[in-house]
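All remarks here apply to the structure that follows.
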Amino acid sequence: MRFIGNIEAKTDAKGRAFLPAVFRKVLSASGEETLVMRKDIHQSCLVLYPESVWNEQLDSLKKRLNRWNAAHRQVFRQFVSDVEVISLDGNGRFLIPKRYLKMANIVQDIKFIGMDDTIEIWSNDEGKLPIMEAQEFSKQLEELMSGEENT
C-alpha cells in the first residue's frame, strides 16, 4: 500500500472532509475499510493509518515494551488512548472530530500528504507545511543517497 502525492481540500462546517479519490482507490485495492486517526507525535498534523498498518505499528511498539515497566505502560496507554477509528461514508467523507481539528490547528483548508503507508492531514492555512526549500531538499537527499547503502 503506497500513498503518494499531496492534495488540497477543505473541511465543511461540521469538520467533515472528503478523502481524496486517489487515496480511496489505494485503500479499496488493499481491501481496507477502516482508518485510525491520531495526532502525530512530532508535528502539528494528523495521521491516518489504514487499520492493518495501525495494527503493525502497535505490534512493533508492544515488542519493545516491558509490560511490567510503569513508564512503558504509560507510553503505550498514551499512544493507544488518543486515537479515533474512522470510517468513510458512501461519498468518501469522514469526520475529523473537533479536538483533532484543534490539535492540528485546522480551521478549514487542509492538505493531505501521502506518506507511503499513512496519510498526513495538515492545516493549509498556516503556510507552515513540512516542506524544505528546494536547495535544502536537494542537499539532504544527495547526502542521504550518497552515503552507505540503506536497507
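Brief remarks follow.
- Over all distinct Cα-Cα pairs of segment 35-91, the Kirkwood formula returns a hydrodynamic radius of 12.5 Å.
- By accessible area with a 1.4 Å probe, ligands and nucleic acids excluded, highest first: order of Val85, Val53: Val85, Val53
- Its Cα centre serving as origin, the chain has a Cβ charge dipole (Lys and Arg +1, Asp and Glu -1) of approximately 880 debye.
- Within the shell defined by Cβ-Cβ distances under 9 Å, the residues around Arg38 carry a net charge of -2, with Lys and Arg each +1 and Asp and Glu each -1.
- Around Ser81: net Lys/Arg minus Asp/Glu count, Cβ-Cβ under 14 Å: +3
- Measuring only protein heavy atoms, the 1.4 Å probe finds Thr11 accessible over about 10 Å².
- Mean residue ellipticity, 222 nm, helices only, the chain: the sum of -39500 (n - 2.57) across DSSP H runs of n ≥ 4, divided by residue count and rounded to 500, is -11000 deg cm²/dmol.
- 26 Å Cα-Cα threshold exceeded, pairs from Lys25/Lys139; Lys14/Lys111; Lys63/Lys139; Lys62/Lys98: Lys25/Lys139; Lys63/Lys139; Lys62/Lys98
- The heavy atoms of Glu51 offer some 80 square angstrom of accessible surface to a 1.4 angstrom probe.
- Sequence-distant residues sharing a close amide H with Arg16 (under 5 Å, placed H): Ile96
- Given charges at Cβ of Lys, Arg, Asp, Glu: the chain dipole, positive-most of Ser138, Tyr100, Ala29: Tyr100
- Considering only Gly147, Cys45, Leu88, and ranking their Cα positions along the charge dipole of the chain that arises from unit charges at the beta-carbon of Lys, Arg, Asp and Glu, the one farthest toward the positive end is Leu88.
- Its relative contact order, with pairs defined as Cα atoms under 8 Å and 6+ residues apart, puts segment 1-74 at 18 percent.
The values are calculated or read from the model by the stated rules, or taken from the named source; none is laboratory data. Model, not experiment: these values are computed from the prediction. Methodologically, a virtual Cβ is constructed for each residue, glycine included, from the backbone with ideal geometry; neighbour enumeration extends over all protein chains shown. The area values use the complete protein model at the heavy-atom level, side chains included, leaving out ligands, DNA and RNA. Shrake-Rupley method; radii C 1.70, N 1.55, O 1.52, S 1.80 Å.
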